[in-house]
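Notes for the one structure printed next.
Please treat every number below as a calculation from the coordinates, not as lab data. Remember, predicted model here, so these are calculated numbers, not experimental data. When we count neighbours, we look across all protein chains shown, and the Cβ atoms used for this are built from the backbone with ideal geometry, even at glycine.
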Amino acid sequence: MSVQFKSITELRAMLDNKLISAPELTQESFQLAKKYKELNCFVTMNEELGTKNANTVDLNDKNASTLAGIPLAQKDLFCTEGLRTTCSSKILANFIPPYTATAVKKLEDAGSITIGKTNMDEFAMGSSNETSYFGNVHNPWKKGYVPGGSSGGSAAAVSAGIVPAATGTDTGGSIRQPAAHCGITGLKPTYGRISRWGMIAFASSLDQAGPLARTAEDCAILLNAMSGHDSKDTTSLSSNVPDFLEDINQPLDGLKIGIIKEFDLSDLDSEVQARFEDSKKIYENLGAHFVEVSLPNISASVPTYYSIAPAECSSNLSRFDGVRFGYRAEDIDDLNDLYIKSRSEGFGDEVKRRILIGTYALSTGYYDAYYKKAQQVRRLIKNDFDNIFQSVDILMTPTSPNTAFKFDSKGMQNPVELYLEDLFTISSNLAGLPAISIPHGQVNSLPVGLQLIGNFLREDQLLNASHIFQQNSDFHLAQPSLEGF
Amino acid sequence: MIWETVIGLETHVQLSTKTKLFSRASTAFGASPNTNVNLIDCGLPGVLPSVNKEAFYKAIRFGLAIDAKINQTSIFDRKNYFYADLPKGYQITQMDLPIVLGGSIEILLDDSAKTINITRAHLEEDAGKSIHDEYEGFSAIDLNRAGTPLLEIVSEPEISSAKEAVAYMKAMHQLVTYLDVSDGNMAQGSLRCDANVSIRKKGDAELGTRTEIKNINSFKFIEKAINFEIKRQIKILENGEKVTQETRLYDSSKDETRPMRSKEFANDYRYFPEPDLLPVIISDQEIQKIRDEFPELPKEKEARYQGELGLSEYDSQIISSSKSMADFFDAAVKKTKNYSLLSNWLIGEISAYLNKEQIDIHASTLTADKVAMLINRIDDQTISGKIGKSIFEEMCVSRSTPDEIIESKGLKQISDDGAIEEIIMTVINENPSQVEAYLSGKDKLFGFFVGQVMKLTEGKANPKAVNSILKDKLK
Amino acid sequence: MDQETVRTICYLARLEIDQDKSEKIQQDLETIIELIGSLQTIDTSNIEPLYSPLEMTALTHEDLENSDNKKDKFLENAALSNKDYFLVPRVVE
């Protein structure tokens, strides 16, 4: 019985009904990963330890979690003890962490099996997975097309049905945009919902871990396991974590959905617009009603983000200096030479670009004009959201202005072209709000994603709205042909 | 030309917390290399800091002691620069909102006191240590010290000589040890300073170009380094040249300062608020609690020693000038009633011994209990003061108590009048010519008889009894 | 943004740019700076910067030792170390 394209809920039933054993399921996953090796969604496989863990997981334990025996993939910026963690960068190509990230540990403690580490944009900087040192990831829906980024490997692995779910991280859309491009569901939780301990930082005040899965329900299962306060991350929230499955079936009668006036959808591809209108109708039929809302400062999200994120990244990536871990250049004259050569040879172009921008934005004479200014505008953006959520429950936008594009077709001449891909996703990172992308059809045989943004800590509403949508449509069931792989 | 020196000091005080400022690794000194290092201190990818509140409490205690304003909302910032022993490529420090603002410290000069104003004091983490001369061609990095909490105390440029700078550092040392915010161990780097030195024509309003001498870690070096730098700068100015603004290092082996090579490139530290740490808020209650638990400071101790214990002003001052001496005295006072004898001993024999050995009283074999016992034995005339000194010498090299030493060496004083009389009679009988001379007016010979008695009793005879019986017998 | 500024920033970030790419990078930086420069038109007077989406105060740790020293693993991960230390080219202070 094939396990490809099965959701966690389905695999759980198969395991519980003894249609398959945990070790068999894990081996199936490894086999699928091998079969679709050409997708290039994995950087490192965890065969030895994964097999061992699958052999020892106790499914008969009365307290066994929903995730017991379920194979998962981890984005390669979560540190995993004894298992290579690269951030898809040459500078970490041989890094074996001596500890495991809290988010991964919680999933493994729940009995899930890590089968490997997924490819990504180098240090999560990119929207197409084309900045990886380990090569491009193909979109399972179309060879030679990007899966989106930065969690491109995770999205492709789930989309291709190799694993039912995977972890990702989202700094400006890095879970939601690849989920949209690969036709799966991806959730960026509230900032602080999941511990950042062991997650290699890109931009500390924006980074947030989250799940990518085939359904909203599966995202809820992962979120249940990953959430909660961690004393090792003092920016992780100590608020109570609800059971995200509990209210997932609530009817949507009376749900108030805001449509953001400032996002002019008429500029988008007419088919992308059409999908959006179709989904609005589905929600209307489910009892939701729509209101147009104004977030006057939201158009400033992209420049705000591209000031703050590089600034934080320029500092966060200073620790990669060739001294204590990571790549170290040879033939060096002195300490400065060691830094310059190790970093210049170890980092790719996009990472360098962002470090340089951030260094500039923080330097004397520019700090106020760029960095501080952006943090002020950030407050204006957050105020807009706070204001709007007084009157609506959730906001709805497309996840991305476009579908997946061909390798090497965007941002090559002008990096800003690619930055604008993040237009719809970035503002929720700036404000720390939860947001989800769910598939809602295809345009030219490539998936399109619908984004819902929720109020602070209201992942429950997003998961509920997404789940009901998926109960009443079958977009999330569409499978890529995997032609040519 | 009359020149005027302007000095500002940045003092780094290592706070005596058990764990680091942003991790729970030990801060113990002297551990083997890279063992007091955890994931956070190593700056591994993916790690996050968390704040040690005890460091805040110690910083606040310091702030309250110098009458400063305490910033109840404290923000940490990142100071970005590359250095081999700076694991993250940035130091977490406080830029805009230091925990302590303002305040002042009084320093003691030869015949007067001077108030030096404090600009600010902020918390920051220390870097690791680079060892440059142990391995051919390499510097070796030890991260044990990385992340140790420091309080950087910045003075106003109100210090006008090397002597004043030393007095300032001594006052600082006394204060931070008294407050128990630091062990003040300068040899271990717990208290060190950077000196900003500039020279101007007397009467000029504007400051001259300054140089910064980094990392001076003894009172002696502070004086020497600053004096060297003052002379160097005056020479430059008198030659009509200009002082270059730069960072310099004091080389004690050559007694000179020289420019620091590793700092030759101008840096831009790109400070920004540390996004991994939210603001730390200190409540009014927490500050009140720190006030309530405030330790007794030197001035208060001095008054108590004079008022309650009846010590002289001089003795009170000497004992309270050092926290460790005062602590020792306070502990011993609980075990003896003869405070003045105790204070005499502390200031006399004991201080002389400690100075000779160059150790702190708490690092010696002496304990308050044992010293109090010694004082009590002299006080109750079990032994004479002279025997006391030989017992003290023994105490310095062994772990025995005075009683054990008295017992094992049979040093108990002979106070039995009958026994003393017997010995005196022996002495008188054996020295008839001296007796005759004494009785004919040579009063000085009295000492001779005392000496003979002491010789026969190996110094154990009670001197008072010997005196009175001798006088009686030699009539 | 002139060549000199690019050089200074590269030095601060300890990065060097290949000769053949330097013009392109300079151009990219200019484009990005122009993008973020567009924020200047927004009035932010009297607006406090928002440095973290969590407007809360920090949780702190107690001053109790909890060591998880992994000296051997730390040193193992370094490209150059001996049994006790990380090693770098000799620094002259």
Values of log10 I(q)/I(0), in the order q = 0.09, 0.10 Å⁻¹, for chain B under a Debye, Cα-only, solvent-free model: -0.76, -0.87
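Mind checking the full-extension length gain between B:ARG399 and B:LEU456? Use 0.36 nm per residue of separation minus the Cα-Cα distance, one decimal, nm.
Details: separation 57, 0.36 × 57 = 20.52 nm, distance 2.94 nm.
Answer, rounded to one decimal: 17.6 nm.
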C:SER45 paired with B:SER408, simple spin-label distance in nm, labels 7 Å along Cα-to-beta-carbon: 8.5
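Just check segment B:183-256 against the gyration tensor rule for me: Cα atoms, a ≥ b ≥ c as the square roots of the eigenvalues, rounded for a/c under 1.5, and otherwise prolate or oblate depending on whether a/b exceeds b/c. Before the final figure, lay out the partial values.
Numbers: a/c = 2.64, a/b = 1.98, b/c = 1.33.
Prolate, since a/c reaches 1.5 and a/b exceeds b/c.
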Backbone HN-Hα couplings from phi across segment B:339-348 [Karplus 6.51/-1.76/1.60, Hz, Gly and Pro as x]: 5, 6, 5, 4, 5, 4, 5, 4, 6, x
For A:ALA435, residues with placed amide H under 5 Å, excluding near neighbours: A:LYS188, A:GLY454
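Under 12 Å from the Cβ of A:GLN177, count the other residues' Cβ atoms, weight Lys and Arg +1, Asp and Glu -1, and hand me the total.
Working: positive: A:ARG176, A:LYS188; negative: A:ASP121, A:ASP170, A:GLU421, A:ASP422.
Here the count lands on -2.
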Rounded tilt (10° steps) of B:463-473 against the dominant C-alpha axis of chain B: 20
Euclidean distance between Cα centres, segment B:81-140 to segment B:421-475, Å: 67
Over segment A:67-185 - Rg/Rh using Cα atoms and the Kirkwood inverse-distance radius: 0.95
Separation of alpha-carbon centers, segment A:31-51 and segment B:343-373, rounded to whole Å: 71
Between segment C:30-47 and segment B:190-252, the Cα center-to-center distance that results, in Å: 43
Anisotropy class of segment A:415-485 from Cα gyration tensor, a/c 1.5 cut: oblate
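Give the relative contact order (percent, whole number) for segment B:417-473; include only Cα pairs under 8 Å separated by 6+ residues.
44
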Helix C:3-12 vs. chain C, principal-axis angle (Cα, 0 to 90°, nearest 10): 20
Modelled label reach - B:SER321, point 7 Å along Cα→Cβ, segment B:284-303 residues with backbone N closer than 15 Å: B:298-299, B:302
Length gained when the stretch B:THR115-B:ASP251 is fully extended (0.36 nm per residue, less Cα-Cα span): 45.9 nm
B:ILE2 paired with A:GLN442, simple spin-label distance in nm, labels 7 Å along Cα-to-beta-carbon: 9.3
Farthest positive-ward along chain C dipole, Cα basis, beta-carbon charges - from C:LEU80, C:THR57, C:ASN46: C:LEU80
Chain B: angle of helix B:385-397 to the longest principal axis, Cα-based, in degrees nearest 10: 40
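Counting Lys +1, Arg +1, Asp -1, Glu -1, what net charge surrounds A:PHE405 among other residues with beta carbon under 13 Å of its beta carbon? Present the calculation step by step, with values, prior to reporting the outcome.
Working: positive: A:LYS142, A:LYS406, A:LYS410; negative: A:GLU130, A:ASP269, A:ASP408, A:GLU417, A:GLU421.
Summing Lys and Arg as +1 and Asp and Glu as -1 gives -2.
According to the Kirkwood expression over distinct Cα-Cα pairs, how big is the hydrodynamic radius of segment B:3-285, in Å?
Numbers: mean 1/r = 0.0506 Å⁻¹.
One over the average 1/r among Cα pairs gives 19.8 Å for segment B:3-285.
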Over segment B:430-475, volume per residue of the alpha carbon convex hull, in Å³: 64
Scattering profile of the protein assembly as shown at q = 0.08, 0.09 Å⁻¹ [log10 I(q)/I(0), Debye over alpha-carbon scatterers]: -0.86, -1.02
Distance (nanometres) between label positions extended 7 Å along Cα→Cβ at A:ASP269 and B:ALA419: 11.3
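From the gyration tensor of the Cα coordinates in segment A:352-485, what semi-axes in whole Å does the equivalent ellipsoid have, largest first, with each one equal to sqrt(5λ)? If you can, show how the numbers build up before the last one.
Numbers: eigenvalues 198, 123, 18 Å².
So the equivalent ellipsoid measures 31, 25, 10 Å along its semi-axes.
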Cα principal axis extents for chain A, largest first, Å: 66, 55, 46
Cβ-derived FRET efficiency at R0 56 Å, B:LEU439 paired with C:SER67, nearest 0.05: 0.10
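For segment C:1-40, state the semi-axes of the equivalent ellipsoid (square roots of 5 times the eigenvalues of the alpha-carbon gyration tensor), sorted largest first and rounded to whole angstrom. The partial results should precede the final answer.
Details: eigenvalues 76, 28, 12 Å².
Square roots of five times the eigenvalues give 19, 12, 8 Å.
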Mean separation of Cα contacts under 8 Å (6+ apart) over length of chain B, as relative contact order %: 14
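Tell me what the protein assembly as shown gives for mean residue ellipticity at 222 nm when only DSSP H runs of n ≥ 4 count, each as -39,500 (n - 2.57), the sum divided by the residue total, rounded to 500 deg cm²/dmol. If you can, show how the numbers build up before the last one.
Details: 34 runs with 381 residues, N = 1053.
So the helix-based figure for the protein assembly as shown works out to -11000 deg cm²/dmol.
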Amide H contacts of A:PHE95 (H built 1.01 Å from N, under 5 Å, at least 5 apart or other chain): A:THR85
